[in-house]
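See below for the structure under consideration.
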Ligand code: 9J3
Ligand code: ZN
């Protein structure tokens, strides 16, 4: 790890390394029973197996309405193998609304850093949140409630609150061009536009995608989520090259907006 950034983890990145199905770290996982926790519904923690690289930043991920952790499980090993502790959670009930999901993301972060079996592997000062749909809406709620969070990534997020000027956490808003449940016009675009103009923020609109695209392995979601988490949870400027200059529209990107450089 570089002397100028004690939080750098893993080798220098390339486009292929952030598109790969796995990063450089072998991972392990441990199940957290709902019966053993309060404030959320349990889940699965994915983490780099080795302890030789010190602590890691961490991210908790919430599923959407009526869904379980299985709907976002692909992100566990995909992100953890790049050098993060990743906690995919179940919510207390599958019909919990975004504000509740935000509270549950924060409860899960507190469990992860204070009580979990991997707490010694986590740097409690470098935490992020992600979620799908109402879990993406909850991601914005969590960031609004806890400004110390380092990164937030709502994936085809859904919320009745469309305005997020209170958020101080660097936020990557991911929308899908074919989303008919949380259309980008009524959800992701207003979310992005309402974030402070001075904030490190970006809007990634997936091309040929639906509301449920974040529920299966997706290289575009992975590469920009990895880059965003590395850049803002780890302060790893080696990943700035993938975020700035703003990525061009492509076969998989309908539109990308942001403020560069970060
Ligand atoms: O989590 C989601 O998929 C939210 C979209 C939804 O079904 O909202 C209607 C209540
Ligand atoms: Zn608002």
key: Nitroxide proxy distance, nm - points 7 Å out along Cα→Cβ at residue 161 and residue 148   = 2.0 nm
query = Stretched out fully, how many nm does the piece from residue 168 to residue 262 gain, at 0.36 nm a residue minus the Cα gap?
reply = 32.5 nm
task = State the extension gain, in nm to one decimal, for the chain segment bounded by residue 70 and residue 114, taking 0.36 nm per residue of separation less the distance between their alpha-carbons.
result = 13.4 nm
key: Exposure proxy ranking, count of Cβ atoms within 10 Å, fewest first, for 125, 198, 17   = 198, 125, 17
Mean shadow area of the chain, taken as a quarter of the surface of its Cα convex hull (nm²) = 11.9 nm²
request  = Any chance you could run the full-extension gain for residue 207 through residue 193? It's 0.36 nm times the residue separation minus the Cα-Cα distance, nm to one decimal.
outcome  = 3.1 nm
query = Using a Gaussian network model of the chain with C-alpha springs under 10 Å, which one of 139, 237, 91 is most mobile by mean-square fluctuation?
reply = 237
key: Candidates 37, 59, 233, ranked by Gaussian network fluctuation over the chain, Cα under 10 Å, top entry   = 37
task = Whole Å is fine, so just give me how far the alpha carbon centre of segment 139-179 lies from that of segment 1-64.
result = 21 Å
request  = Quickly estimate the mean residue ellipticity at 222 nm for the chain, helices only: each DSSP H run with n ≥ 4 gives -39500 (n - 2.57), and the total goes over all residues, rounded to 500.
outcome  = -7000 deg cm²/dmol
Average silhouette area of segment 1-156, convex hull of alpha-carbon atoms, in square nanometres = 8.7 nm²
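Rounded to the nearest 0.05, what FRET efficiency do residue 28 and residue 4 give with R0 = 25 Å and r taken as the Cβ-Cβ distance? Could you check? List each step's numbers first, then the result.
On the way: r = 30 Å, r/R0 = 1.20.
So, using R0 = 25 Å, E works out to roughly 0.25.
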task = Place the peptides 225-231, 150-156, 177-183, 45-51 in order of packing, highest mean first, counting for every residue the other Cβ atoms within 10 Å and averaging per peptide.
result = 150-156, 225-231, 45-51, 177-183
remark   = Among beta bridges assigned by DSSP with both residues in segment 27-258, the antiparallel ones amount in percent, to the nearest 5, to 40 percent
query = For segment 104-209, rounded, prolate or oblate, judged on the Cα gyration tensor with a ≥ b ≥ c (square roots of eigenvalues), a/c < 1.5 rounded, else prolate if a/b > b/c?
reply = prolate
query = Is any residue of segment 126-145 close enough, with backbone N under 15 Å, to a label point placed 7 angstrom from the Cα of residue 235 along the Cα-Cβ axis, and if so, which?
reply = 126-127
task = Under 18 Å from a label point 7 Å along Cα→Cβ of residue 94: give me every residue in segment 1-45 with its amide N that close.
result = 34-35, 40-44
ask   = How do 55, 169 rank when sorted from fewest to most other Cβ atoms within 10 Å of their own Cβ?
value = 55, 169
query = What ranking do 79, 251 get, fewest neighbouring Cβ atoms within 10 angstrom at the top?
reply = 251, 79
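Taken together, the values in this text are just the output of simple stated rules run on the coordinates, not laboratory data. These numbers were taken from a predicted model, which means no experiment stands behind them. As a convention, Cβ positions derive from the backbone with ideal geometry for all residues, glycine included, and neighbour counts pool all protein chains shown.
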